[in-house]
Ligand SMILES: Cc1cc2nc3c(=O)[nH]c(=O)nc-3n(C[C@H](O)[C@H](O)[C@H](O)COP(=O)(O)OP(=O)(O)OC[C@H]3O[C@@H](n4cnc5c(N)ncnc54)[C@H](O)[C@@H]3O)c2cc1C
């Protein structure tokens, strides 16, 4: 019997239960469908990364990955008939758009669409309260998530490859040329690069993860958000290694994987969270509109706000398609609470540039910072961009790395260049606003909303 394995967010061979389910049922045709709807929505950095990741996967499969362009509900039934496949295997897509697409494919296929596993340790929707609902708060979710547990990893990539009896699906459509935007450097893509990165983390920065993960100057985090987004590594592989290390640091890292599952679970239960605030916290008329909003967004996206930590983060995003988590929180707070721009605008810019850009993680983290999420940072907690810099980039190295106009300012003075003579950084903008005044305006709007 022949079946298709339709790769989507599982661009790996190892620890891939859906691929193993296909292999167990007979010969397998591995296919990736380049869906024009997803392709056009992705933004250049993610498109460029995807093409590299597909090339890496094709290399692992000895050039046997079949690429087809078109809408899955048209392409796949056609392919099923061409090779007389008896089933199509996938890892479940739990996000709202993916679920709708899969239902449409299922209707058109004529053979079963078999879902095995998902991109999460625990598939969204599985962990529920005693009343059968989804959790709204992280801490009890994490406890129930841990109690629920997860399977051990499926066979690794070498074992998986030896099990696969690959079918030749004919000539692939060409992968489109997809260069990253000028000035953006992509990390290595593919399963092997992901496993190497995880091995480096295990042998190095993991030991101090609990105390150093908030320091953007130290490169102390794993940068696995990118391979996790594309499924080049599965969280279960990570959790299995963490289980062998009993330390606060390993437990803290496991907690971050739990946040990833939590956000996917919240979106599973409330698909509207993609675009709509789960809790309204400000009056509608308190947001910047028109020219005011455009100017705010222009300075913020270019990293020219005059606040060094904010600008460093926004420029890291343009240079790497990635930003450190602490800095993501600071720049997001600055946009929403200092510039009074709706979180959805910032989320859109992040989705255009992040190579780990992922709907559940991006939208729910924006809602967390904006104070509009289910288990969010309280709205009245406004990040002070200067104090955050002094605390988490104590010697100013992160800022100097990303803001060349400030490179001649030594030490932590770099976080307040306006206190120095103008000649210290002549090309760097003055702060575009008074943080104290904007914070007060935000808190006043918050009180006004409560009064109404
Ligand atoms: C405004 C905003 C937008 C974000 N957008 C995204 C996004 O589009 N895609 C994305 O993957 N992450 C997003 N995050 C979460 C987080 O910033 C990144 O996952 C993290 O910076 C990735 O770096 P890392 O892999 O080195 O993390 P590590 O510190 O090494 O953490 C390990 C893994 O845990 C998970 N994780 C860590 N922090 C979070 C978190 N706050 N929420 C959910 N999972 C987390 C990630 O999968 C990460 O790879 C966003 C955070 C904020 C504040």
Inset, instruction - State the number of residues belonging to region 308-322 that are closer than 15 Å to residue 413 by Cα and away from the ligand (no atom under 15 Å from the Cβ). - result: 1
Legend entry - Residues (closer than 11 Å to residue 72 by Cβ and within 24 Å of the chain's Cα centre (by Cα)) located in region 94-107: 98, 101, 102
Legend entry - Selection within region 232-247 - closer than 25 Å to residue 192 by Cα and more than 12 Å from the ligand (Cβ to nearest atom): 236, 237, 240, 241, 243, 244, 245
Legend entry - Sole exception among (1) within 13 Å of the ligand (Cβ to nearest atom); (2) closer than 18 Å to residue 400 by Cα for residue 260, by number: (2)
Inset, instruction - Return a yes/no flag: does region 97-105 have any residue that is at pLDDT below 95 and outside any helix (DSSP H, G or I). - result: no
Legend entry - The lone exception for residue 310 - which of (1) closer than 19 Å to residue 369 by Cβ; (2) part of a loop (DSSP other than H, G, I, E, B); (3) in contact (Cβ under 8 Å) with a residue 12 or more places away in the chain it fails: (2)
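Residue by residue, here is whether (1) within 15 Å of the ligand (Cβ to nearest atom); (2) assigned by TED's automatic domain parsing to the domain that holds residue 420; (3) crowded, with 23+ Cβ neighbours inside 10 Å holds:
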position: 279; (1), (2), (3): no, no, no
position: 295; (1), (2), (3): no, yes, no
position: 329; (1), (2), (3): yes, yes, no
position: 351; (1), (2), (3): yes, yes, no
Legend entry - Among (1) outside any helix (DSSP H, G or I); (2) under 24 Å from residue 143 (Cα atoms); (3) near the ligand (Cβ under 8 Å from one of its atoms), the one test that residue 223 misses: (2)
Inset, instruction - Provide a single number: the residues in region 275-307 that are under 21 Å from residue 379 (Cα atoms), assigned to a helix (DSSP H, G or I) and out of contact with any helix residue (DSSP H, G or I) (no Cβ under 8 Å at 6 or more places or on another chain). - result: 2
Legend entry - Among (1) at pLDDT 95 or above; (2) touching a helix residue (DSSP H, G or I) at 6+ places or on another chain (Cβ under 6 Å); (3) within 29 Å of residue 250 (Cα to Cα); (4) surrounded by 16 or more Cβ atoms within 10 Å (Cβ to Cβ), the one test that residue 118 misses: (2)
Legend entry - From the options 404, 378, residue that is more than 15 Å from the ligand (Cβ to nearest atom) and either modelled with pLDDT of 95 or more or assigned by TED's automatic domain parsing to the domain that holds residue 98 (or both): 404
Legend entry - Flag if residue 193 is touching a residue at least 40 places away in the same chain (Cβ under 8 Å), in a loop (DSSP other than H, G, I, E, B) and either outside the structural domain of residue 20 (by TED's automatic domain parsing) or within 21 Å of the chain's Cα centre (by Cα) (or both): no
Legend entry - Selection status of residue 250, more than 10 Å from the ligand (Cβ to nearest atom), out of contact with any strand residue (DSSP E or B) (no Cβ under 9 Å at 6 or more places or on another chain) and either over 20 Å from residue 354 (Cβ atoms) or not in a helix (DSSP H, G or I) (or both): yes
Inset, instruction - Give the number of residues within region 378-404 that are touching a residue at least 12 places away in the same chain (Cβ under 8 Å) and outside any helix (DSSP H, G or I). - result: 10
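The values are calculated or read from the model by the stated rules, or taken from the named source; none is laboratory data. Just so it is clear, the structure is predicted and the values come from calculations on it, not from any experiment. Positions of Cβ are generated from backbone atoms using ideal geometry, with glycine treated the same way; all protein chains shown enter the neighbour counts.
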